[in-house]
Amino acid sequence: MSLRPFAGRALRRSLPLPVSRSLYTSLPRLSPAPTTPLASSTTATQPHPYPPSASYHPSTSSVFTPLDTFLPRHLGPRDADVKDMLSALGYKDMDSFINECIPKDVRVSPLSDNDADGIRPMSELELRRRAEEVAGMNKGMKSYIGMGYHNAIVPPVIQRNVLENPAWYTAYTPYSPEQAQGRLESLINFQTVIISLTSLPIANASLLDEGTAAAEGMAMCLANVPKAKFTKGKKVFLVSPTVAPQTIEVLKTRASGFGIELRVAKSNESLEEEVEELGEAGLMGAMVQYPDVNGEVGQWEGVTKKVKGTGAKMVVASDLLALTMLKPPGEWGADIVCGNSQRFGVPVGYGGPHAAFFSCTDELKRKMPGRLVGLSKGARGEPAYRLALQTREQHIRREKATSNVCTAQALLANMAAMYAVYHGPAGLRRIAGKVHALTRILASSLESLGFEIVNKTYFDTLTVNVKAAGLGAAHVHAASVQAGINFRRIDENSIGITLDESVGPLDLTDIVNVFYQLKGKAAIEPDVLDRLATEMDLSASSVDGVSSLGRSTPFLQQSVFNKHHSETDMLRYMMHLQEKDYSLVHGMIPLGSCTMKLNSTSAMVPLSWKEFGGIHPFAPVDQAKGYEVLINELERDLSLVTGYDATSVQPNSGASGEYAGLKVIQAFHESKGQGHRNVCLIPLSAHGTNPASAAMVGYKVVPIKALADGSLDLEDLREKATKHKDDLASFMVTYPSTFGVFEEGIEEACQIVHDNGGQVYVDGANCNSLVGLTSLGRVGGDVSHTNLHKTFSIPHGGGGPGIGPISCKSHLAPFLPTHSIIPTGGSTPIPAVSAAPWGSASINTISWAYIKMLGGSGLTDVSRIALLSANYIAHRLAPYYNIRFTNRNGRVAHECLIDLGEFEKSAGLKVTDFSKRLQDYSFHPPTAQWPISTCWLIEPTESEPKHELDRFIDALIAMRKEVDLIVDGKADKENNVFKHAPHPLAVLLDDKWDRPYSKQTAVYPVAGLRKSKFWPSVSRLDDAAGDLNLICECGSTEDYA
């Protein structure tokens, strides 16, 4: 990047802007411009001077064809394996097999590898060079915009060993706790950080972002209001005007579906008076920010007392680093505290992903959304962690829910927790003290130049009245951008500056020199500010000037936060936890409807680059041209493969995508003067998030039956669609179905809904089975979400992150979501559904890379192999287990449903017993008890090699033989290998062994396990004990032993 002198200091020059070309996306269109390769993103081979976009692309038969193609690296089965698997199923070729899996009348032409109408595949090296080219289009500015996003220093030991470590990022949500004690401990560390800093007794294991976390807090306030009082008018949620504007917008989006009246107070000064005016009859809840978006540290205790006096609840958005110095909200009466943990060692990443935090009072714990980790014990009496109060999870409550949260931001929560562990309370306090001290130095420097600091109390943020010094905000922003710096744009007279831990003496000097230049003064050097700090008697331990609300209570006193402060200790602690967790580095995770496929290293690498990680979400868009190109291309490719016309990547989870899609449908009906339409038809087999999302929009859910063969009951659908035709808004259906079959009546079902005035939402959770073979739009959908963390290879991260972009037909495209700060979406858009304009933008790099490396034909081949692998498993297991549903040809889709119900009567075994026993075979269990309570849902994905599929099949066959021993009376129904499973390594050390089977049978049920085995670290968890004695913060498990 070019540099030029400015007042004695090196400052950045703008990069050349790309030129325009046409793309099928909802964003402004851009074509890449050649750039100089970035030093931070080099490869082992030096790049060619010409950019990848101008490269020569040989035919597939050319000697110049790249050898590092991605498809054979991604697919597990080799060519010979594919032939063997097809032969086992009775087919000579792949086309014959596919024709019997997917109804011919919904098939589409395979995706091509042409740029014009398809996706040209790139080799891994080509992708790397293209990623460098795109990254170079983002300008390396230093942003001090704040508003909940900060420049964070990611400790290298955490970046390399958590963020970039597949043992952490390829794990699934810890529903199999015996195989997940490591990340469960880390998540309880995260909860402890939140509990300790907010001084509230319960915290969950993260939410999606600060805006949606605030909306969840508002919904909790609603859940606390008796229905009769709500009906009579107790429905106002009062918000301080200095809550972050992106949060207020998300609150507005959510409030309408619940019938909540969202009211933004006239001013903070009038807030208490407005609370009194609303009183007990009108006020449902209130929300303030502490410190607020303008930096002010408000005195909210009096307002809080008034709010609670009306029977309402107080929600507070806060900042974790600030709370190391400020009196925690729990001490002045807050009921709910939420915010963004991003500044605890997570890149800003153009808006995400980041782990939102959420804590509440004890009385609200059973209404809290999201996942909650708690302490329980194993069957051997050892302390162990698990997900607590799972029946509380809102999406399980279906249409009775006030939240559809189904995932979290576990990987980012683990990074934030590790950051707190690494620095400890003293280190965090030093960081906070330094940030605050530098803010005081900046304030003093600006005041000496005649600028007015509007907020008289502050932690790290200053609102500066530049008019007081005879300047306009536009002049300041022009000068700061020329200096490579972004300030917050507030209004024509004011700017905002937020400092963070990355600010050093050169950075602060650069900031101050912007104002010196504007005032016509000579630039200063860092020693001037150093002397000023000495004169002000400032150091990292300074606390003066925050406000009278200084923190007096200690925090993070637990041993885990006070012992791992050297890199050696920290590395060993992370490895200690990692070794307890089963992930894709150990073996197949056959979770149905979860698509636990390869998360390739080549697709993951760009995520760590500062060119993608260092961009603030509210930076001027001309500074993020690389992101614009990447998002344009991703949205175009997603529209192509889903059969739709437009796409938005703003929703930051699958459930968020469902909600956004339904809001788009709702806006469409309103545009036609039919806003009264409020009935949503949903099959009983649907995932719980579907009815939960519909309820959040304000729709009435009408269930649709399934026939005995698992297919949709079209007559029931027709009857109910006709009955509700005047009010029918939408139909939510998953394709292929959650029962693992491509239904033949899908087009007819969609037509029935359309004929009765409704729109069709096709849930894209199972999209991994159909890309290039059919499409969600082809079968009749109007709008769908896809799970980029499933079909398009973003890792699950142990329970998040994820992205749920929505794609839609052209008639719905005008309603795609916008954002209050940076406009996005359609011409008449719905308001934002996420805090950032492009949601969890940085991990879009992964799906973008995955699609580009596979190309059109590669994506199609992925679907074919996913179908083949599932059918191969179903075929081989059919003699031993009941394959619950198949199509008329005896075929399943990309997953198969195995019914274990027969064994409860014959052998006394439940699904849970099978899941626990499978751990002894060194496998993660499949999805259990969903969509049918007696079933396993098995999805192998295309990435698993045939030998791993065979190992899994052989394990289930061996388990069936163990079942037969019980059925035949050769093993006891209550005292057997299933009932005591899983068997951790500790059982081998037991002096006393009084079970009617050998230790070898317990831990080595098949011979191959002697060579390689993943051991569960604890015995079977006691779920009831953990819920009855809820402990959701650390000590370590040893403290409770």
Point to revise | Filter pass, Glu133 being among the acidic types (Asp, Glu) and either farther than 18 Å from Val621 by Cα or open to solvent by 10 Å² or more (accessible area, probe 1.4 Å) (or both) | key: no
**Study point:** Residue that is farthest from Lys563 (Cα to Cα), among those in segment 421-462 that are polar (S, T, N, Q) and open to solvent by 10 Å² or more (accessible area, probe 1.4 Å)
**Key:** Ser448
Exercise for review: For residues that are open to solvent by 10 Å² or more (accessible area, probe 1.4 Å), over 18 Å from Thr247 (Cβ atoms) and in a loop (DSSP other than H, G, I, E, B), tally how many sit in segment 283-324.
Suggested key: 3
Point to revise | Subset tally (residues that are under 22 Å from Lys308 (Cβ atoms) and in a helix (DSSP H, G or I)) for segment 195-229 | key: 17
Revision key, fill the gap. Taking segment 570-581 and keeping residues surrounded by 13 or more Cβ atoms within 10 Å (Cβ to Cβ), of a type outside the set (A, V, I, L, M, F, W, C) and not in a loop (DSSP other than H, G, I, E, B) leaves Tyr573, Gln578, Asp581
Review point. Taking into account only those residues within segment 717-744 that are open to solvent by 10 Å² or more (accessible area, probe 1.4 Å), touching a residue at least 12 places away in the same chain (Cβ under 8 Å) and assigned to a helix (DSSP H, G or I), which is farthest from Leu937 (Cα to Cα)?
Key: Thr722
**Study point:** When residues of segment 886-913 are limited to those that are among the charged types (D, E, K, R) and either part of a loop (DSSP other than H, G, I, E, B) or without any contact (Cβ under 8 Å) to a residue 40 or more places away in the chain (or both), the one nearest to Lys946 (Cα to Cα)
**Key:** Glu895
Review point. Restricting the search to segment 855-880, which residues are among the polar types (S, T, N, Q) and either open to solvent by 50 Å² or more (accessible area, probe 1.4 Å) or within 20 Å of Cys594 (Cα to Cα) (or both)?
Key: Thr860, Ser863, Ser869, Asn871
Point to revise | Gly804 vs. criteria touching a strand residue (DSSP E or B) at 6+ places or on another chain (Cβ under 7 Å), at pLDDT 95 or above, surrounded by fewer than 24 Cβ atoms within 10 Å (Cβ to Cβ) and within 18 Å of Thr734 (Cα to Cα) | key: no
Practice item. Quick one: in segment 954-986, of everything that is in a loop (DSSP other than H, G, I, E, B) and charged (D, E, K, R), which residue is least open to solvent (accessible area, probe 1.4 Å)? Key: Lys979
Point to revise | segment 326-347, residues that are closer than 28 Å to Ala426 by Cβ, outside any helix (DSSP H, G or I) and open to solvent by 10 Å² or more (accessible area, probe 1.4 Å) | key: Lys327, Asn340, Arg343, Pro347
Check your understanding: If you check every pair at least six apart or on different chains, which have Cβ atoms under 9 Å apart with a residue in segment 560-575 that is farther than 18 Å from Glu164 by Cα first and a residue that is in a loop (DSSP other than H, G, I, E, B) second?
Key -> Val560/Cys1034; Val560/Gly1035; Val560/Ser1036; Phe561/Phe555; Phe561/Cys1034; Asn562/Leu556; Asp569/Lys563
Practice item. Would you please name the residue that is nearest to Pro795 (Cα to Cα), looking only at residues in segment 544-565 that are open to solvent by 50 Å² or more (accessible area, probe 1.4 Å) and in a loop (DSSP other than H, G, I, E, B)? Key: His565
Check your understanding: Restricting segment 603-628 to residues that are among the hydrophobic types (A, V, I, L, M, F, W, C), assigned to a helix (DSSP H, G or I) and over 27 Å from Ser863 (Cβ atoms), which is most open to solvent (accessible area, probe 1.4 Å)?
Key -> Val621
Practice item. Tally the residues that are touching a Pro at 6+ places or on another chain (Cβ under 7 Å), small (Gly, Ala, Ser) and open to solvent by 10 Å² or more (accessible area, probe 1.4 Å), restricting the search to segment 177-202. Key: 1
Review point. If you scan segment 97-116, which residues turn out to be without any contact (Cβ under 8 Å) to a residue 40 or more places away in the chain and either open to solvent by less than 50 Å² (accessible area, probe 1.4 Å) or acidic (Asp, Glu) (or both)?
Key: Asp115
Practice item. Report yes if some residue within segment 810-824 is touching a residue at least 12 places away in the same chain (Cβ under 8 Å), out of contact with any strand residue (DSSP E or B) (no Cβ under 7 Å at 6 or more places or on another chain) and part of a helix (DSSP H, G or I); otherwise report no. Key: yes
Practice item. Select, from Ser933, Ser915, Ser943, Ser922, the only residue that is on the phi > 0 side of the Ramachandran plot and not acidic (Asp, Glu). Key: Ser922
Point to revise | Which numbered condition Gln482 misses (of (1) of a type in the set (S, T, N, Q); (2) surrounded by 19 or more Cβ atoms within 10 Å (Cβ to Cβ); (3) in contact (Cβ under 8 Å) with a residue 60 or more places away in the chain; (4) out of contact with any Asp or Glu (no Cβ under 7 Å at 6 or more places or on another chain)) | key: (2)
Exercise for review: Can you tell me which residue within segment 230-247, out of those that are without any contact (Cβ under 8 Å) to a residue 60 or more places away in the chain and assigned to a helix (DSSP H, G or I), is nearest to Gly285 (Cα to Cα)?
Suggested key: Phe230
Exercise for review: Kindly establish whether Ser933 is assigned to a loop (DSSP other than H, G, I, E, B), open to solvent by 20 Å² or more (accessible area, probe 1.4 Å) and out of contact with any His (no Cβ under 8 Å at 6 or more places or on another chain).
Suggested key: yes
Exercise for review: Test Ile883 against the criterion of being surrounded by fewer than 23 Cβ atoms within 10 Å (Cβ to Cβ) and either farther than 23 Å from Ser109 by Cα or in contact (Cβ under 8 Å) with a residue 60 or more places away in the chain (or both), and give yes or no.
Suggested key: yes
Practice item. Determine which single condition Glu747 fails, assuming it passes every other condition in (1) surrounded by 23 or more Cβ atoms within 10 Å (Cβ to Cβ); (2) among the acidic types (Asp, Glu); (3) part of a helix (DSSP H, G or I). Key: (1)
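Residue by residue, here is whether (1) assigned to a loop (DSSP other than H, G, I, E, B); (2) within 22 Å of Val779 (Cβ to Cβ); (3) polar (S, T, N, Q) holds:
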| position | (1), (2), (3) |
| --- | --- |
| Asn652 | yes, no, yes |
| Glu658 | no, yes, no |
| Phe668 | no, yes, no |
| Gly673 | yes, no, no |
| Ile682 | no, yes, no |
| His687 | yes, yes, no |
| Asn690 | no, yes, yes |
| Met696 | no, no, no |
| Glu715 | no, yes, no |
Exercise for review: Starting from segment 253-278, keep only residues that are touching a residue at least 40 places away in the same chain (Cβ under 8 Å), then list their pairs with residues that are surrounded by fewer than 17 Cβ atoms within 10 Å (Cβ to Cβ) and part of a loop (DSSP other than H, G, I, E, B) whose Cβ atoms are within a distance under 8 Å, requiring at least 6 positions of separation or different chains.
Suggested key: Ser256/Gly698; Gly257/Gly698; Phe258/Gly698; Gly259/Gly698
Point to revise | Residue satisfying all of: in segment 893-924; under 29 Å from the mean Cα position of the chain (by Cα) and farther than 22 Å from Asn871 by Cα; surrounded by the most Cβ atoms within 10 Å (Cβ to Cβ) among these | key: Lys916
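The values are calculated or read from the model by the stated rules, or taken from the named source; none is laboratory data. A quick note: this is a predicted structure, and the numbers were derived from the prediction, not measured. All Cβ positions, glycine included, derive from the backbone under ideal geometry; neighbour counts span all protein chains shown. Ligands, DNA and RNA are excluded from the accessible area calculation, which covers all protein heavy atoms including side chains. Shrake-Rupley method; radii C 1.70, N 1.55, O 1.52, S 1.80 Å.
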